[in-house]
1. Any residue that is farther than 30 Å from Leu172 by Cβ, aliphatic (A, V, I, L, M), modelled with pLDDT under 85 and not in a helix (DSSP H, G or I) - is there at least one of those in the range 7-27?
2. Among the residues of the range 60-70, are any among the basic types (Lys, Arg) and loosely packed, with under 12 Cβ neighbours inside 10 Å?
3. List, please: which pairs have Cβ atoms under 7 Å, are six or more places apart or on different chains, and start with a residue in the range 8-33 that is touching a residue at least 40 places away in the same chain (Cβ under 8 Å) and end with one that is of a type in the set (Gly, Ala, Ser) and part of a helix (DSSP H, G or I)?
4. Quick one: which helices (runs of 4 or more DSSP H) lie wholly within the range 72-128 and hold at least 3 residues that are outside the structural domain of Leu171 (by TED's automatic domain parsing), within 20 Å of Glu177 (Cβ to Cβ) and within 14 Å of the chain's Cα centre (by Cα)?
5. Just for the range 80-127: of the residues that are exposed (fewer than 14 other Cβ atoms within 10 Å of the Cβ) and among the small types (Gly, Ala, Ser), which one is nearest to Arg61 (Cα to Cα)?
6. Would you please name the residue that is farthest from Glu138 (Cα to Cα), looking only at residues in the range 194-226 that are assigned to a helix (DSSP H, G or I) and in contact (Cβ under 8 Å) with a residue 60 or more places away in the chain?
7. Leu203: within 14 Å of Pro149 (Cβ to Cβ) and assigned by TED's automatic domain parsing to the domain that holds His190, yes or no?
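The values are calculated or read from the model by the stated rules, or taken from the named source; none is laboratory data. Predicted, not measured: the structure shown is a model, and the values here were computed from it. Methodologically, a virtual Cβ is constructed for each residue, glycine included, from the backbone with ideal geometry; neighbour enumeration extends over all protein chains shown.
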Amino acid sequence: MSIAQFQKALYQMIADIPTCIAVRSGNKKFLSNFELTNKERRRLLSVSMQPGMNTNCTLFRMNRVTPLYTSMPNICKMLQKKLLDILLEFWEKHPKSTLQYKEEIKLFYFFLKNKIEDNSISIQYLDKILEFEGKLNELRFDDSYTTEPRGKYILSKHLRLIKWNCDPSILLENIAEENYKFPNLPEETHYLLVENSSENLELKMINNSLGTILENLEKFDNIPTELMEMGFVERNQNEMIHMGI
């Protein structure tokens, strides 16, 4: 008995409801992808027909949606009735999962980012809310969704900077109140700094002068020393190594 092959087939049946239904209906194509004995094939067919299999599939999907709903709540709220269809598409495109928060959230972030960029989904301010929650999750899980920054100086690793073209406080307040008919917010630049302070993430609005400097650190060969002393900026060690400094 090939335990690894049997377990892999069982996992994919639980992870993908259409696959489970196909096996239950007698479709032999899926099981032919695995090195199984006749006894193992019969056992998997029997498992697919058990009433508890529907529960297994539901629990698997609940385990996949929980990280998204808890760590990307504003995105889930903004998607409203589109959320279920988008989740089904996401699960179809990415049927395999480690069920780990960090990996699942990052996978969904890039899935949704691609849909926004190719205009498959168009919801006002969704791109900025995705960027906002992406930055929060970078700090929560000590991760990065962008390429390694260049230049002598970089934003301190416990910080993330988000540039907005409207007042984020009004936007986030509307989402919190489940009011998705956003007012015509004036187009104006705001900078929001997110700090990972001990166990909490703190949000701070900063003035545009400081925001502009922090946004363009790669352009500076020298910066005011107080920015380093205050913990906003640190030297880019990787770039210094690359330059042989």
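1. no
2. Applying the first criterion (among the basic types (Lys, Arg)) to the range 60-70 yields 61, 64.
When the remaining residues are screened for being loosely packed, with under 12 Cβ neighbours inside 10 Å, the result is none.
Checked against the condition, which is being among the basic types (Lys, Arg) and loosely packed, with under 12 Cβ neighbours inside 10 Å, the range 60-70 yields no hits at all.
3. Taking only residues 6 or more apart or on different chains, the pairs are Met13/Ser48.
4. Details: elements: 73-79, 83-93, 101-117.
Answer list for the range 72-128: 73-79.
5. Out of the qualifying residues, it is Ser120.
6. We begin by selecting, within the range 194-226, every residue assigned to a helix (DSSP H, G or I); these are 208-215, 217-219, 225-226.
If we keep only those that are in contact (Cβ under 8 Å) with a residue 60 or more places away in the chain too, we end up with 217-219.
Details: Leu217: 19, Glu218: 20, Lys219: 24 Å.
That would be Lys219.
7. Details: within 14 Å of Pro149 (Cβ to Cβ): no; assigned by TED's automatic domain parsing to the domain that holds His190: yes.
No, not satisfied.
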